[in-house]
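Colleague: Shown below is the structure under consideration.
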Amino acid sequence: MKKKIENRDDIALLVHTFYDAIRQNEEIGFYFNETITNWPEHLEKLIDFWEMNLFGGRKYTGNPIEAHNQVDEKFDHSITPETFGIWLNIWFATIDRLFEGENADTLKRRARKMNTMLYLNIFQNRNSNKA
Ligand code: HEM
């Protein structure tokens, strides 16, 4: 029986399992493996991010738009909607494998929104660099 997402420990399990799968993914794993040097720190940051997203609070202080614009620049603007699509499929599959319920659905919906927002910002950032 799958469980509900109820606290930080549940989010930690989700984030750890998700990044295990991402790192092994042949199509997009390298973006992460070649960028992130301190994995424990990255995972803590992402747990903070999703915990704040779901339960509130102010632990996460990063800047996702800036971070992804930089990743796109580092990899010669090779990020496409498909890259984000693969990310999202792995996120959905990981959530569905481990959890069920309203918070699980919310985290899928929030990632989908974030996906559109991040990609549009990458696109805009490329154009503004050309001007
Ligand atoms: C909806 C989709 C995504 C969400 C919600 C998301 C979320 C995040 C967040 C919150 C961070 C931490 C940013 C910070 O505070 O430094 C991050 C970092 C990162 N993301 Fe994503 N991400 C998404 C898609 C992607 C995709 C498709 C890629 C691959 C191209 C990617 C690659 C990275 C990398 C490499 C970092 C680390 C950046 C660094 O530390 O220099 N992300 N992501």
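Since every read-out is calculated from the coordinates, none of them should be taken as a lab result. Bear in mind that the values here come from a model prediction, so they are computed numbers and not experimental data. Ideal geometry is used to build each Cβ from the backbone, glycine not excepted, and the neighbour counts take in all protein chains shown.
Colleague: Mind telling me which of W91, W50, W39 comes out most flexible in a GNM of the chain, alpha-carbon contacts under 10 Å?
Modeller: Top of the fluctuation ranking is W39.
Colleague: Just from its helices, what would the mean residue ellipticity at 222 nm be for the chain, if runs of 4 or more DSSP H residues each count -39500 (n - 2.57) and the sum is divided by every residue, rounded to the nearest 500 deg cm²/dmol?
Modeller: -24500 deg cm²/dmol
Colleague: If you plug each phi of region 20-32 into the Karplus form 6.51 cos²θ - 1.76 cosθ + 1.60 with θ = phi - 60°, what whole-Hz ³J(HN,Hα) values come out, in order, with x for Gly and Pro?
Modeller: 4, 5, 4, 5, 8, 6, 5, 7, 10, x, 5, 4, 7
Colleague: On to the next question. Just in region 22-64: which GluC sites (Glu not before Pro) are loop by DSSP and have at most 14 other Cβ atoms within 10 Å?
Modeller: Answer in residue order: E26, E27, E34.
Colleague: Lysine pairs in the chain with Cα distance under 27 Å, only those 8 or more apart or on different chains: how many are there?
Modeller: Eligible lysine pairs with Cα atoms under 27 Å apart amount to 20.
Colleague: Let me ask something else. Just grab the label-to-label distance for I65 and D96, each label 7 Å out from Cα along the Cβ direction, in nm (one decimal).
Modeller: Here the modelled spin labels are 3.2 nm apart.
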